[in-house]
1. Once you treat every alpha carbon in the range 157-250 as an equal point and sum by Debye, what is log10 I(q)/I(0) at q = 0.18, 0.25 Å⁻¹?
2. Taking the beta-carbon count within 10 Å as an exposure proxy, list 135, 203 from fewest neighbours to most.
3. How do 368, 112, 179, 338 line up, fewest other C-beta atoms within 10 Å first?
4. Please compute the contact order of the range 157-250 in relative form: average sequence separation of alpha-carbon pairs under 8 Å and at least six residues apart, divided by the residue count, as a percent.
5. Please report the spacing between the Cα centers of the range 345-372 and the range 90-108 in Å, no decimals.
6. How big is the range 178-327 along each principal axis, measuring the range of its Cα positions in Å and listing the largest first?
7. Can you sort 347, 177 from fewest to most other Cβ atoms within 10 Å of each residue's own Cβ?
C-alpha cells in the first residue's frame, strides 16, 4: 500500500465516531507483580496457526514486528476507554504474561476516533476498538482484522431517572449517545428496540460526547436516558437512577471491544500474533482464578478505591461480558454493518466473514492455554 493511500485511509478514519467509553488519561503505570519464572510458552507454529478463513493474500511489503532492546518483539497496543472490557490486556501487562510469552508490549490510551488512524499509520500494531470502527475501516479499504473479541456482547445498562418507570415513559424524551453511528449509538438503538420503542420515532437521540458527558447530561436533565456500565452505573444508582434494561444479559452478538491488527501485519508476523493471543487468553483465565489481582488492576486503571464498586465491576465484566475464549465472529459485526450501511454502499457490500480469523484463538484453545 502506498504512503498516499495510507494517509488517505488515516484521514478517513479520523472521522470515525467515538465508541462512547469513558474518557481516559494516559495509561497508569501499574506496578506489576513479579513475573512468573518459567520460560516463555512456545506458541503454535505458523503452519498450525494458518487461517481457515482463507484470508486475502499478503501484500509484498508486510510490516514486521520491531525488536525491543530486550530482543523481544515490540508491540504498541492502544485502548480507547477505561472500561473493564480491557481487563485482559491490562492484566496481561501487570502480571507479566506478555513478557512470559516473549513480547515487549507498550499499552497506551488513544481515543477511539484516532485509534484506527494510528493503526493504519503503523504507529501502533494493535488497537482495541468496536464493531463500527472495524466496519468503517474495511469499507474504506483499511483491511484490518480482529484477532480476539473480549467484549462480544453489549456491556451496557440503559439508565433513567426515578420519574421514568417504564419504557412507555420514554416516549417523546431525549436519549444521549456519544456520537451518531458510534458504539453507544448502535447499542442504544438496540436497547430501545428491545424495549419496544422505535429509535427513529419514539425518542430523540442526541450526541453528547463521552460516557462522562452522557452521565453528566443525564444528571442535569438535558437527556432522560443514557447507557452506562460499572462502576459508573453504581454511582448513578446511588443517586436514584435505575436500569430499564441490561443489554449484557441479552447476549446479543456484538463487538464492543476487539483487538485489531492490519492484515499485512498478521500475515507477516503470525508467530508474534499467536503469542499475543495466547497472552490474552491466559490473562482471561488468570482474571477468573485470581479475583484479588484482577480487582487490583481495575482499581489502578479506574483510579478508584471503592472495593464494592470495583467488585461489582469485576463481577459484571468477568461474569457477563468477557468470554473464556475470545473468538471473533462475523455476527459480532452484523448490527454495525446494518446501521452504517443504510447510507453507504461500500459498507453494504462488505462480507464480515472476510476479516474473521479464528485460528489464533483456536490454537490457544487446542494447546489449553486457558488452563495454565
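Readers should treat all values here as calculations from the given coordinates under stated rules, not as data from a laboratory. Every value quoted in this text rests on a predicted model; they were computed, and no experiment measured them. Heads up, the Cβs are rebuilt from the backbone with ideal geometry, glycines too, and the neighbour counts pull from every protein chain shown.
1. Result of the Debye calculation: -0.70, -1.51.
2. 203, 135
3. Numbers: 368 10, 112 27, 179 20, 338 13.
By the 10 Å Cβ count, ascending, the order reads 368, 338, 179, 112.
4. Relative contact order for the range 157-250 comes out at 48 percent.
5. What the calculation gives is 21 Å, centre to centre.
6. Its Cα atoms span 50, 38, 25 Å along the three principal axes.
7. 347, 177
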